1. In nm, to one decimal, how far is the modelled label at residue 165 from the one at residue 244, with both set 7 Å along Cα→Cβ?
2. Sorting check: for 274-282, 51-59, 188-196, 115-123, which peptide has the highest mean count of neighbouring beta carbons within 10 Å, and how do the rest follow?
3. Relative contact order (percent) for region 56-133, with alpha-carbon contacts under 8 angstrom and 6 or more residues of separation?
4. Per residue, how much accessible area does the chain have with a 1.4 Å probe, in Å²?
5. For every other residue with a beta carbon closer than 12 angstrom to the beta carbon of residue 309, add +1 if it is Lys or Arg and -1 if Asp or Glu, then tell me the sum.
6. Report the full-extension gain for the segment residue 122 to residue 78: residue separation times 0.36 nm, less the Cα-Cα distance, to one decimal in nm.
7. Using Cα-Cα distances under 8 Å and only pairs 6 or more residues apart, what relative contact order does the chain have, in percent?
8. Any chance you could list the semi-axes, whole Å, largest first, of the equivalent ellipsoid that the Cα gyration tensor gives for region 149-276, using √(5λ)?
Amino acid sequence: MLLPNAVKPFLLHEESIVRRFASSYLSEGMIYDEDIMPLLIKAYRKEKDLDFRGYIAMHMKDFPQTPETILALDRLSRNVARDRHHFEAALAYADVNLILSSPKKIRLSDSSLSKMLKYRIELTNKNTNELWNEFQEMCLTAKRDYHNFEFNKAKVLCKELCSRKDVPLDKIHDWFNRFSWQDPHFDEVFMCLLAGDLKLVEYTDIILKTLRLDWDYLNEESMYALVKMQSHQVINRIEEIFYDENEYFQDFAISVLEKTKIPKSEDILISLFNKCKDNYTKSLLIFGLCNIFSEKALELGIPLLPDNYETSLDSLEENLFVISVMHGLNPPQLEEWRSIAYKNYNYLKSFKTYL
């Protein structure tokens with residue numbers, strides 16, 4: 001597989017599809033290096049295709065900013081209307097201190113993003129005890145009116161709370177210790193936020209258990225929490241119980257494996273693939289290997305071409321093309337895969353235009 005530092009240079013690769021895959025890898029892996037945003041901005045300016053530019057801009061909110069990138073985003077938001085929402089989203093979720101200390105007054109035209117930035121600034125002015133009480137109150141509010149609850153606010157509140165040196169770890173541990181699966185009452189969603197932001201690996205089993213539930217909303221938050229941990233303990237535990245669990249668990253557990261960008265993830269995905277009998281799960285596993293840019297995906301994936309996998313999930317040819325380019329390989333099918341990759345893109349582009 002390729003580790004994050006090896007993937008970063010591909011943000012400026014000559015081929016648009018390769019740049020798109022690189023940005024997706026870094027975003028989904030929650031790689032929070034400050035040197036990524038300057039590369040993304042360069043990639044955006046380098047890109048000629050408007051849809052590819054939009055895809056790059058979409059990921060800008062997922063990475064930490066610097067004083068220089070704040071100014072660059074502000075300029076882009078004022079001058080490029082097509083992707084303004086993405087630039088403003090990156091500003092709305094940037095480090096508040098960078099926003100407040102910027103020599104340029106940051107104004108967001110999107111009212112919802114402007115409100116979010118204002119809310120985040122308000123949070124920085126509250127003490128930790130106030131944040132903890134507000135977080136608990138949000139959990140109660142979600143239980144009473146889940147459909148109208150603003151979960152994005154809970155996420156930014158949790159992030160601010162967990163950034164404090166005096167975060168009440170004793171109360172958080174008590175919450176986990178008191179939790180009962182006999183009477184969950186929505187607590188587990190908020191516990192996932194805490195576990196992820198604080199990297200509470202000791203509660204891996206509690207969070208993993210949520211992956212087996214038929215509730216996409218909770219499954220996703222559990223997955224994000226586990227990915228944030230980037231932990232060997234998490235992925236080793238997944239390997240231990242994978243084939244004893246249901247399809248919900250397996251689907252989201254594969255997502256955890258492919259988004260945990262450490263070499264052991266590759267080993268586990270390969271091991272699970274070699275044991276797999278189910279075509280759908282096998283397809284998820286091969287795409288999991290593709291998503292960490294594993295060279296092994298070629299050896300295991302080529303026998304599945306052209307249609308011995310779940311083709312509705314993604315194009316295996318396109319993925320194998322990108323992996324070949326990134327590893328400097330030149331398999332006999334390379335030009336065929338490149339052609340398929342760009343045909344897929346052009347088809348989606350024309351379909352989007354038609355809609």
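The values are calculated or read from the model by the stated rules, or taken from the named source; none is laboratory data. These numbers were taken from a predicted model, which means no experiment stands behind them. FYI the Cβ positions are ideal-geometry reconstructions off the backbone, even for glycines, and counts take in every protein chain you see. In case anyone asks, the SASA skips ligands and DNA or RNA and just uses the protein heavy atoms, side chains included. Shrake-Rupley method; radii C 1.70, N 1.55, O 1.52, S 1.80 Å.
1. 4.3 nm
2. 188-196, 51-59, 115-123, 274-282
3. Values: 67 pairs, mean separation 22.2, N = 78.
It comes to 29 percent, rounded to a whole number.
4. 48 Å²
5. Surrounding charge for residue 309 is -4.
6. 13.3 nm
7. Rounded, it is 13 percent for the chain.
8. Details: eigenvalues 130, 52, 34 Å².
The three semi-axes for region 149-276 are 26, 16, 13 Å.
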